[in-house]
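The structure appears right after this line, and notes come after that.
No lab work stands behind these numbers, since they all come straight from the coordinates. Because the structure is predicted, anything quoted here is derived from the model rather than measured. Cβ placement follows ideal geometry from the backbone for every residue including glycine, while neighbour counts extend to all protein chains displayed.
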Amino acid sequence: MPESIPASLIIDTLKDTFREARSARAAEGWGRPASEHLGWILSVPDTHQKTVLAALDKEQALRVVTCATEDEATAIAAGLYAGGEPVVLMIQHAGLYASVNTLRGVAMDGRIPMFYMIGLLQRERDRDPRESRHSMVRFAEPLLDTFGVPHARLEGPDDVHLIPEYYRISRQRRGPAAVLVGLETI
Amino acid sequence: MAMKPEDVLRVIAAGRGDAICVPTMTTSPAWRELAPDDLSVGCVGFMGGASSLGLGLALARPERRVIVFDGDGSLLMQLGTLATISGARPRNLVHLLFKNGVYHTSGSQEIPGGLTVDFVTMARGAGYRSALSIGELDEFKRRFPQLLKDEGPIFVELVTTLADQTPMTARGGVPFPDQIDRLRQKLLTAAP
């Protein structure tokens, strides 16, 4: 059975992910970062990940930019990437559906590394997401499959290692990669 | 009371210094002729995204000016960007809006509201540090140097005629992924 993941664990994992990204950035030849924070979170607030967003409000090491739409978040992420900054997008499945053209145009055709954490709001604890009663849960993985976006489920605290793994995959393949947050974070 | 967009772009090309420029739609063909350099990246294939792309660049490289050449039809596609930019408060972002009242590329259909849409009021209401409209080339020439110094985000509506070319009549240019690579490499080697 899936379990909820504590916000603190996700944030610590994001920090580790960004530390690794900063090391890779330095190895690439970039100089000192323009600011002291580890990386950027672009968020279109997701009810499913609200405890993470609340904890991020108090977090000094990560800079959060709240975006009006997922289209914006994707294009902002492209600009941050071009400028040498590490970035993670936190959105909801409905936002994924809303922004597929930008996903296609920027992350795929544009060959921009783009790592998404996508909340599966209303995912039932006792059902596989692909068999959900809710279309917005049921279609998320098939949509990512259609676009060829590598993805994995975060089904509990033991799965947070998938965050840096899929972040790396997005960099290696120069395109989108995603983890799906199975249950509401706590 | 309307400027030729190519004339505006010539003023920018002459005075931008090391600013990163983000053209979109009908400014793209003329810009790649006027400024065939590695410090520009066009918004192609995701209409409405130029200002967000520019915001990301401005946040990543605060030591540099970033100038976005937006279009009125494009901005309407992602109007929420005005609030997102204001919220992020990039001090180095200049958001230029080339306002011609139509979707030029697809055959000059009028945008919703046409030329009556008041983008300056929208930008000011969203929280841009300053917002103004310019319709005369001499005024733009006079003000442009200061736009590169003033604290952003700055919004400037430029009332223009139609461009000579559109991305449909003048295809080509460097593919978007290569533009990103070239810009990234340029910024990497110039990074402090």
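Relative to the longest principal axis of the Cα atoms of chain A, helix A:70-82 runs at roughly 30 degrees. Looking at the stretch B:5-184 alone, DSSP beta bridges between its own residues are antiparallel in about 10 percent of cases. Taken about its Cα centre, the protein assembly as shown carries a charge dipole of about 680 debye when Lys and Arg each add +1 at the Cβ and Asp and Glu each add -1 at the Cβ. In this structure the amide hydrogen of A:Gly175, modeled in the peptide plane, comes within under 5 Å of the amide hydrogens of A:Met114, none closer than 5 places in sequence on its chain.
Note on chain B: dipole from Cβ charges, positive end direction compared against B:Met47, B:Val22, B:Gly113; the farthest Cα belongs to B:Val22. Please report how far the C-alpha centroid of the stretch A:50-78 lies from that of the stretch B:83-119, rounded to the nearest whole angstrom. Rounded to whole Å, the Cα centres lie 25 Å apart.
Taking Cα centre as origin and charging only the Cβ of basic (Lys, Arg, +1) and acidic (Asp, Glu, -1) residues, the dipole magnitude of the stretch B:5-184 rounds to 540 debye. Spin-label model, A:Arg173/B:Gln146: points 7 Å from Cα along the beta carbon direction are separated by 5.1 nm.
So what's the angle, to the nearest 10 degrees on a 0 to 90 scale, between helix A:162-173 and the longest Cα principal axis of chain A? Between the helix axis and the principal axis of chain A, the angle is about 60 degrees. Under the rule of -39500 (n - 2.57) per DSSP H run of 4 or more residues, summed and divided by the residues of chain A, what mean residue ellipticity at 222 nm is obtained, to the nearest 500 deg cm²/dmol? That comes out to -11500 deg cm²/dmol.
Rounded to 0.05, the FRET efficiency of the B:Ala170 and A:Asp126 pair, given R0 = 51 Å and the Cβ-Cβ distance, is 0.35. Scattering from the stretch B:58-126 was approximated by placing one identical point on each alpha carbon and applying the Debye formula without solvent; log10 I(q)/I(0) at 0.13, 0.18, 0.26 1/Å stands at -0.41, -0.72, -1.19. Per the Debye formula on identical point scatterers at the alpha carbon atoms of the stretch B:5-184, with no solvent, log10 I(q)/I(0) at q = 0.12, 0.19 Å⁻¹ is -0.48, -1.38.
Estimate the FRET efficiency between B:Leu79 and A:Ala54 by the formula 1/(1 + (r/R0)^6), using the beta-carbon distance for r and 25 Å for R0, to the nearest 0.05. Once rounded, the FRET efficiency stands at 0.35. Beta-bridge orientation, the protein assembly as shown: approximately 5 percent antiparallel, per DSSP, counting only bridges with both partners inside. With a threshold of 29 Å on the Cα-Cα distance, the over-threshold entries among A:Lys15/A:Lys50; B:Lys149/B:Lys186; B:Lys99/B:Lys141; B:Lys99/B:Lys149; A:Lys58/B:Lys149 are A:Lys58/B:Lys149. Local charge for B:Ile111 was computed over the other residues whose Cβ lies under 15 Å away, with Lys and Arg +1 and Asp and Glu -1, and equals -4. Each label was represented as a point 7 Å from its Cα along the Cα-to-Cβ direction; for A:Asp158 and A:Arg32 these points are 4.4 nm apart. Taking the C-alpha atoms only, the angle from helix A:7-28 to the longest principal axis of chain A is near 40 degrees. GNM remark for chain B: springs join alpha carbons under 10 Å apart, and the peak mean-square fluctuation among B:Ala60, B:Ala13, B:Ala123 falls on B:Ala60.
Here's how it looks for A:Arg153: its modeled amide H is under 5 Å from those of A:Leu180, which are all 5 or more places away or on a different chain.
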